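*Asks:* Structure in structure tokens, see below.
The values are calculated or read from the model by the stated rules, or taken from the named source; none is laboratory data. Small disclaimer: the values here were computed from a predicted structure and weren't measured. Glycine also receives a Cβ, built like all others from the backbone with ideal geometry; neighbour counts cover every protein chain displayed.
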Ligand SMILES: Nc1ncnc2c1ncn2[C@@H]1O[C@H](COP(=O)(O)OP(=O)(O)OP(=O)(O)O)[C@@H](O)[C@H]1O
């Protein structure tokens, strides 16, 4: 478990961050200048808070009261930056094993396993100049993993890549979070990445933690609108592949006993998947409408409604124990007479399905997300 409770002053900027996260990916999400990188630097030991405590499991990295302040090296952090920062004169293999031959560190994951995990086997004898941006970043992740880290810090690892390269690398990150047994702190200002990868979401705004919790819960919090932004706002739902309809090339995913139909997902029946539904892709209806191309009409219950100015209102609905979020006009809200507690139908126009990489042929097709 990662536990952070720090206060710092950077020039005139005051940072105060407290959060805890268990295994898996913890996303630090927020606008530019919110303080995400500063938090990461303090976890890494690259800068020092004024006061506080940082620990990974029972290993204290920093504690101002007990005067503990481990050096970056002692902290055993794997750090991946926006740009890969590989050594240009070394082959991929020598880059990957750098912390072993230069720093005497022992990797906790076997070399071959990391190479396979990131799909970089064919690149081992090349130098960084002969790699694409996405390949370079995969090698940088491999190098961090092979340094025997206690925790992996990834500071906007996709920010310098174009959309195609991002799509190339996301399935590997997804696989990493499923298979590597170390906590990962992932800085991003892309809700799509966060929705796909994070277990815990920490929203940072103006140097303060505005919210922390399971990603599905935090993403549907309406009070966080300004921090999360309206366009990408939405929800993540956990589901399980239920069946595949060969005739129409459609997959049915069971979410809380309800079926969501999506274009074919190449995954095994019974496999767990995560769905990302943007609020703007969901409409609400009092009855299941006829004569409509949208085929997903989920019975949900209205939980919460924003009452704000402007044309739109956001409505959070419960689908069993999970939540989704719809963005409709205020005029529709009034016309439908929506109120908390009311049963309605959520009409889902588009779903992004996070496909488990285990069942992907990543060499041929690695775009990871299926949308319609
Ligand atoms: N060493 C420093 N001295 C003074 N101010 C600093 C220092 N480091 C960071 N800041 C300020 O602290 C604030 C937070 O910066 P930080 O880089 O942590 O934000 P961020 O959320 O990571 O932003 P981005 O997404 O743009 O990388 C900014 O206003 C920045 O100008």
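*Asks:* Within the group 142, 213, which residue is more than 16 Å from the ligand (Cβ to nearest atom) and either touching a helix residue (DSSP H, G or I) at 6+ places or on another chain (Cβ under 7 Å) or assigned to a helix (DSSP H, G or I) (or both)?
*Replies:* 142
*Asks:* Let me ask something additional. Only one residue in 334, 300, 353 is crowded, with 19+ Cβ neighbours inside 10 Å and either part of a helix (DSSP H, G or I) or modelled with pLDDT of 90 or more (or both), so which one is that?
*Replies:* Answer to the selection: 300.
*Asks:* Give the residue that is nearest to residue 141 (Cα to Cα), with candidates limited to residues of segment 41-96 that are touching a helix residue (DSSP H, G or I) at 6+ places or on another chain (Cβ under 7 Å) and in a strand (DSSP E or B).
*Replies:* Here the answer is 80.
*Asks:* Based on this model, can you work out whether residue 60 counts as more than 19 Å from the chain's Cα centre (by Cα), modelled with pLDDT under 95 and surrounded by 15 or more Cβ atoms within 10 Å (Cβ to Cβ)?
*Replies:* So residue 60 does not fit the description; no.
*Asks:* To continue, here is another question. Within segment 77-91, identify whether any single residue is within 13 Å of the ligand (Cβ to nearest atom), in contact with a strand residue (DSSP E or B) (Cβ under 7 Å, 6 or more places away or on another chain) and in the same structural domain as residue 188 (by TED's automatic domain parsing), and answer yes or no.
*Replies:* Checked segment 77-91: at least one residue is within 13 Å of the ligand (Cβ to nearest atom), in contact with a strand residue (DSSP E or B) (Cβ under 7 Å, 6 or more places away or on another chain) and in the same structural domain as residue 188 (by TED's automatic domain parsing).
A quick yes/no check of all residues on (1) within 21 Å of residue 325 (Cβ to Cβ); (2) touching a helix residue (DSSP H, G or I) at 6+ places or on another chain (Cβ under 8 Å); (3) within 16 Å of the ligand (Cβ to nearest atom); (4) in a loop (DSSP other than H, G, I, E, B):
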site	(1), (2), (3), (4)
204	yes, yes, yes, no
240	no, no, no, no
265	no, no, no, yes
274	yes, yes, no, no
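*Asks:* A further question on this structure: So residue 108 fits all but one of (1) away from the ligand (no atom under 16 Å from the Cβ); (2) in contact with a helix residue (DSSP H, G or I) (Cβ under 8 Å, 6 or more places away or on another chain); (3) in contact (Cβ under 8 Å) with a residue 12 or more places away in the chain; what number is the exception?
*Replies:* All conditions are met except number (2).
*Asks:* Just give me the residues in segment 1-22 being under 20 Å from residue 73 (Cα atoms) and within 10 Å of the ligand (Cβ to nearest atom), in sequence order.
*Replies:* Result: no residue meets the conditions.
*Asks:* So which residues in segment 23-40 are more than 6 Å from the ligand (Cβ to nearest atom), surrounded by fewer than 24 Cβ atoms within 10 Å (Cβ to Cβ) and assigned to a helix (DSSP H, G or I), if there are any at all? Steps first, please.
*Replies:* The initial filter retains those residues of segment 23-40 that are more than 6 Å from the ligand (Cβ to nearest atom), namely 23-29, 31, 39-40.
From what is left, the residues that are surrounded by fewer than 24 Cβ atoms within 10 Å (Cβ to Cβ) are 23-24, 31, 40.
Selection gives 40 alone.
*Asks:* Here is a follow-up. Applying the selection to segment 147-200, what residues are within 13 Å of the ligand (Cβ to nearest atom), part of a loop (DSSP other than H, G, I, E, B) and touching a strand residue (DSSP E or B) at 6+ places or on another chain (Cβ under 7 Å)?
*Replies:* If the condition is that a residue be within 13 Å of the ligand (Cβ to nearest atom), part of a loop (DSSP other than H, G, I, E, B) and touching a strand residue (DSSP E or B) at 6+ places or on another chain (Cβ under 7 Å), then 156, 157, 189 are the ones that fit.
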